[in-house]
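Written below as C-alpha cells is the structure these notes are about.
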Amino acid sequence: MRHKVYRYYGIRFSGYVHTKCWPAYRDQHSRYDAQGRCVSRPTYDSQLQTFRGIQKEKCIHCNRPLLAKPLKAEQAV
C-alpha cells in the first residue's frame, strides 16, 4: 500500500496551511501555562492533496498562495 503525500492541512474556521508551514504554525499558536507546559495546541481538521477553490486560497501562516512553489525552489533560480 502506498503512503499518501498531503500538501495542505485544513484548519477549522481558520483556513489552510502548507504542510511545510504546519510545524511553525502549530508552534506559533500553541499556548503554555506559567510552568511552560503546553496547555493548548492547534490541530488540523483535514489533510488535502488538492481541493476546489485552491487557486483563491492563501496559506494562513506564510500568506503565500497555496499553489506557489516552495521558497527554496524560487531562491535557487
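The values are calculated or read from the model by the stated rules, or taken from the named source; none is laboratory data. Quantities reported herein were computed from a predicted structural model and do not represent experimental measurements. FYI the Cβ positions are ideal-geometry reconstructions off the backbone, even for glycines, and counts take in every protein chain you see.
Applying the condition of being more than 12 Å from the chain's Cα centre (by Cα) and of a type in the set (Ser, Thr, Tyr) to the range 38-77 and asking which residue is modelled with the lowest pLDDT yields 50. Scanning the range 26-45 for residues that are among the basic types (Lys, Arg), assigned to a loop (DSSP other than H, G, I, E, B) and loosely packed, with under 11 Cβ neighbours inside 10 Å turns up just one, 37.
Does the range 20-46 hold any residues that are in contact with a strand residue (DSSP E or B) (Cβ under 6 Å, 6 or more places away or on another chain) and closer than 23 Å to residue 68 by Cα, and which are they? Answer for the range 20-46, where residues must be in contact with a strand residue (DSSP E or B) (Cβ under 6 Å, 6 or more places away or on another chain) and closer than 23 Å to residue 68 by Cα: 21, 22, 25, 44, 45, 46.
The set of residues in the range 1-25 that are among the β-branched types (Val, Ile, Thr), assigned to a loop (DSSP other than H, G, I, E, B) and either in contact with a Lys or Arg (Cβ under 6 Å, 6 or more places away or on another chain) or surrounded by 10 or more Cβ atoms within 10 Å (Cβ to Cβ) (or both) contains only 19.
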